[in-house]
Amino acid sequence: MMKTMKALLGVLLLILCGLTFAPNTALAHGEKALEPFIRMRTIQWYDVMWSKDTLNVNDEVVITGKFHVAEDWPRAVPKPDATYLNVSSPGPVFVRTERYLNGQASVSSAALKLGGDYDFKIVLKARLPGRYHLHPFFNLHDAGAVMGPGHWFEVAGEPAAFTNQVKTLDGNAIDMETYGLANGIGWHVFWFALGTAWLLWWVRRPLFIPRYKMLQSGQGKWLITSLDRKIAMGILFGVPLFVLGANAMTDRQYPNAIPLQAGMDQIEPLPLAVNDGMVKVKVQRTEYHVPARSMTIIAQIQNTSDQSIRIGEFATANVRFLNPGVSSSGTDDADTVIAPQGLSLDSADPIRAGETRTVRVTALDALWATQRLDGLIRDADSRMGGLLFLYDTNGKRHIASISTAVIPKFD
Ligand SMILES: [Cu+2]
């Protein structure tokens, strides 16, 4: 007996240690968890920006950006007929106060069109002080979460200072932090108490084996007393009556209640497709050189615009390979995954207006491996997708969404 007690205590101590010394700073939260072909060929994020990254409790931050829905959507991923744009954060550290898709206020899920471009705007209000990594991300029905680029935010101030007052449709101001809390806790406690009491009513008596023995010896009728039956009947009729009564009372107290919305927002893609048609890119062959961590894309580029253009960037799965001299990382190079020298071309000459030329684009950086995109070559669907950014002499940007099979080279 003493031995088992000691063993039990030991196990408990181990569990306690595990809980106490568990690492409490997880620095990643699934950005690289999805298969590379899902991250590269579903939602292709670009131009994601944050209005600020140090704020006080109650301050608002605006996240804006765009995304392209890949034409070459993987066969293994259900089509984006039900998707939800959200922000991933380590717990309820911010509250989302507004969200827009293509300028339309949107609270529900939305269906996305393949090949479409959308812009988004999300307003968040800081709730708890701390340092947090946030990402916009898309929940794709039956597929999972496709993360957008992440960013660190520093929130200062006092947690108690947070206010979240909203005005309901009938004009009452309510505090979202405490509204209905007592009611919710009250109902949970009530059902928990009722359930536990009913369980204890039976558990306090001899259980399985004594009851089995009584049944075997023909004493089964003593197992259930008439009081048991009365209480059971009381519960059987009392509980539904109680629930219906409470429901009627709630109905009378809040006559203008709106159900939780389960509809789907219908939002058209931006009028200008990602590729405005001026620059056509046809990929002929793509090779991934495993030891060098370099992706070589041979593509025919047809420039039908009236300006000469240069390739400035290749972006896939939030990794950005920049062609130095043509493209810079923009405002935020602190933590988006950027290879500032990652993109090179076989010829630095711009592609002249009207010219069609086959170019060799090389995206080389360890990010292919550290972001676990090179796992692509072991997928059953070794296709890659991404956005090619081209700039003309006036700085106007053309974007081409490309998609290509990838052939690995191991030597
Ligand atoms: Cu993160």
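Just so it is clear, none of the values below were taken in a lab; they were calculated from the coordinates. Treat the numbers as computed from the prediction; the structure is a model and nothing was measured. A quick note on method: Cβ atoms are made from the backbone with ideal geometry, for glycine too, and the neighbour counts reach across all protein chains shown.
Observations, loosely collected:
- If you wrap segment 256-411 in the convex hull of its Cα atoms and look at it from every side, the mean projected area works out to 13.3 nm².
- Relative contact order of segment 70-149: 40 percent, from C-alpha pairs under 8 Å at least 6 residues apart in sequence.
- All Cα pairs of the chain, percent lying beyond 27 Å: 65 percent
- Dimensionless Rg/Rh of segment 29-169 - Kirkwood Rh, Rg from C-alpha atoms: 0.99
- Extension gain, Asp349 to Ala380, is 7.4 nm, computed as 0.36 nm per intervening residue step minus the present C-alpha separation.
- In this structure the amide hydrogen of Val48, modeled in the peptide plane, comes within under 5 Å of the amide hydrogens of Lys66, none closer than 5 places in sequence on its chain.
- Under-5 Å amide H pairs with Arg293, H placed in peptide plane, nonlocal only: none
- Per DSSP, loop chymotrypsin sites (Phe, Trp or Tyr not before Pro) in segment 363-411 with at most 11 further Cβ within 10 Å: Phe410
- Taking every DSSP bridge with both residues inside the chain, close to 90 percent are antiparallel.
- Segment 151-167 - phi-based ³J(HN,Hα) in whole Hz, Karplus 6.51/-1.76/1.60, Gly and Pro as x: 8, 8, 10, 10, 10, 10, x, 9, x, 5, 6, 5, 10, 9, 8, 10, 9
- Principal axis extents of the C-alpha atoms in segment 124-257 (largest first, rounded to whole Å): 71, 39, 35.
- Counting beta carbons within 10 Å around each of Arg99, Arg310 and listing the fewest first gives the order Arg310, Arg99.
- Given charges at Cβ of Lys, Arg, Asp, Glu: segment 181-253 dipole, positive-most of Gly184, Ala232, Gly218: Gly218
- Annotation: amide H of Gly312 within the under-5 Å range of Phe389, Leu390, Tyr391, sequence separation 5 or more or interchain, hydrogens built in the peptide plane.
- Estimated FRET transfer efficiency (Met233, Tyr100; beta-carbon r; R0 45 Å; 0.05): 0.20
- Counting every alpha-carbon pair across segment 181-253, the share separated by more than 15 Å comes to 70%.
- Report note on the peptides 280-292, 58-70: ranked by the mean count of other C-beta atoms within 10 Å, highest first, their order is 58-70, 280-292.
- Per-residue [θ]222 nm for the chain (sum of -39500 (n - 2.57) over DSSP H runs n ≥ 4, rounded to 500): -7000 deg cm²/dmol
- GNM top mover of Ala105, Ala299, Ala160 - the chain, alpha-carbon springs below 10 Å: Ala160
- What you get for the chain, charging only the Cβ of Lys and Arg (+1) and of Asp and Glu (-1), is a dipole of about 2100 debye around the Cα centre.
- In order along segment 374-387, phi translates into HN-Hα couplings of 6, x, 3, 5, 9, 7, 6, 10, 7, 10, 10, x, x, 10 Hz, rounded to whole numbers, per the Karplus curve 6.51 cos²θ - 1.76 cosθ + 1.60 with θ = phi - 60° and x for Gly and Pro.
- For the chain, the relative contact order comes to 17 percent (Cα pairs under 8 Å, sequence separation of at least 6).
- Within segment 50-116, all pairs of alpha-carbon atoms sorted by distance into 10 Å bins from zero give the percentages 15, 43, 29, 12, 1.
- The Kirkwood hydrodynamic radius of segment 198-291, based on inverse pair distances between different Cα atoms, is 22.1 Å.
- By other beta-carbon atoms within 10 Å, ranking Ser294, Ser347 with the fewest at the front produces Ser347, Ser294.
- C-alpha center-to-center spacing [segment 220-284, segment 338-394] in angstrom: 47 Å
- Phi to ³J(HN,Hα) by Karplus 6.51 cos²θ - 1.76 cosθ + 1.60 over segment 236-246, Hz, x for Gly, Pro: 4, 9, x, 5, x, 4, 4, 5, 4, x, 4
- When peptides 301-308, 338-345 are ranked by their average number of other Cβ atoms within 10 Å per residue, the highest-first order is 338-345, 301-308.
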